[in-house]
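**Q** One structure is given below, represented as structure tokens, and several questions about it will come after.
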Amino acid sequence: MKVIKTVAIKQVLTEKRKDQLLNELHFEKEQVVKELEQLKFQLHKKIKQHSSHEQNHSLRNSFQKEIKQREEKLRGIDFKVHQLNKLEIGTELRDGTVQSICEVKIGDNWDDIFSEAEIIIKDGIVHEIRKG
């Protein structure tokens, strides 16, 4: 009988991988900054269109929520960059999971079948497969 089990994927932090992650974070940060600028522009544009003080206050509140979310996201990205810069080369980073099909036969040790398994990736290449 075949069963499905979850296998952890880990990436070994190399200079190449670190640069790739930093570039991804930089791109994400640029996108959030653009969204933030666009929200602020839209807010000013809508405020000019509405003359009522009550409408302006309501608009400001709704836009401020969105702006605060983007600012929080920026702080999160900055934190990730800071943490990534602190990590040593060779550190293993968890990078999700995959499903694996295992063959189960009568007499197999159940604990061995479902013991922790990991696939270690280094610069996009499977470097090691760990079982148990």
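The values are calculated or read from the model by the stated rules, or taken from the named source; none is laboratory data. The structure presented is a predicted model; accordingly, all values stated were derived computationally and were not measured. Cβ placement follows ideal geometry from the backbone for every residue including glycine, while neighbour counts extend to all protein chains displayed. These area figures cover heavy atoms from the full protein model, side chains too; ligands, DNA and RNA do not enter into them. Shrake-Rupley method; radii C 1.70, N 1.55, O 1.52, S 1.80 Å.
**Q** Roughly how tilted is helix 53-86, in degrees to the nearest 10 and between 0 and 90, from the longest Cα axis of the chain?
**A** 40 degrees
**Q** Kindly express, to the nearest 10 degrees and within the range 0 to 90, the angle between helix 15-49's C-alpha long axis and the longest C-alpha principal axis of the chain.
**A** Once rounded, the angle reads 30 degrees.
**Q** A follow-up question, please. Between Gln38 and Leu84, what FRET efficiency follows from the Cβ-Cβ distance if R0 is 25 Å, with the result rounded to 0.05? Don't skip to the answer; put the middle values down first.
**A** On the way: r = 27 Å, r/R0 = 1.09.
E(calc), rounded to 0.05, equals 0.35.
**Q** A further question follows. Per residue, how much accessible area does segment 1-118 have with a 1.4 Å probe, in Å²? Please list the in-between numbers first.
**A** Details: 8820 Å² over 118 residues.
Spelled out: the 1.4 Å probe surface of segment 1-118, per residue, equals 75 Å².
**Q** Kindly identify segment 10-67 as rounded, prolate or oblate by the Cα gyration tensor criterion: order the square roots of the eigenvalues as a ≥ b ≥ c, call it rounded if a/c is under 1.5, otherwise compare a/b with b/c, prolate if a/b is larger, else oblate. Please report the intermediate quantities before stating the final value.
**A** Details: a/c = 9.24, a/b = 3.91, b/c = 2.36.
Since a/c reaches 1.5 and a/b is larger than b/c, the shape of segment 10-67 is classed as prolate.
**Q** Looking at segment 1-110, which GluC sites (Glu not before Pro) are in a loop (DSSP not H, G, I, E or B) and have at most 10 other Cβ atoms within 10 Å? All intermediate terms of the calculation are to be shown ahead of the outcome.
**A** Details: sites: Glu15, Glu24, Glu28, Glu30, Glu35, Glu37, Glu54, Glu66, Glu71, Glu72, Glu88, Glu92, Glu103; in loops: Glu88.
Qualifying residues, ordered by number: Glu88.
**Q** If you don't mind, there's one more thing I want to ask. Heavy atoms only, probe 1.4 Å: what % of the accessible area of the chain goes to carbon and sulfur, would you let me know? Each step should come with its number before you reach the end.
**A** On the way: 5140 of 9920 Å².
Answer for the chain is 52 percent, counting heavy atoms of protein chains only.
**Q** I've got another one for you. Which of Lys5/Lys86; Lys10/Lys34; Lys10/Lys86 have a Cα-Cα distance over 28 Å? Write out the running numbers ahead of the final one.
**A** Working: Lys5/Lys86 33 Å; Lys10/Lys34 32 Å; Lys10/Lys86 18 Å.
Over 28 Å apart, Cα to Cα: Lys5/Lys86; Lys10/Lys34.
**Q** Further question on the same structure: How far is it, in nm, from the label point at His50 to the one at Arg75 when both lie 7 Å from their Cα along the line to the Cβ?
**A** 2.7 nm
**Q** Can you show me the helix-derived [θ] at 222 nm for the chain, built from DSSP H runs with n ≥ 4 at -39,500 (n - 2.57) apiece and divided by the number of residues, rounded to the nearest 500. Don't skip to the answer; put the middle values down first.
**A** Values: 3 runs with 73 residues, N = 132.
Value at 222 nm, helices only: -19500 deg cm²/dmol.
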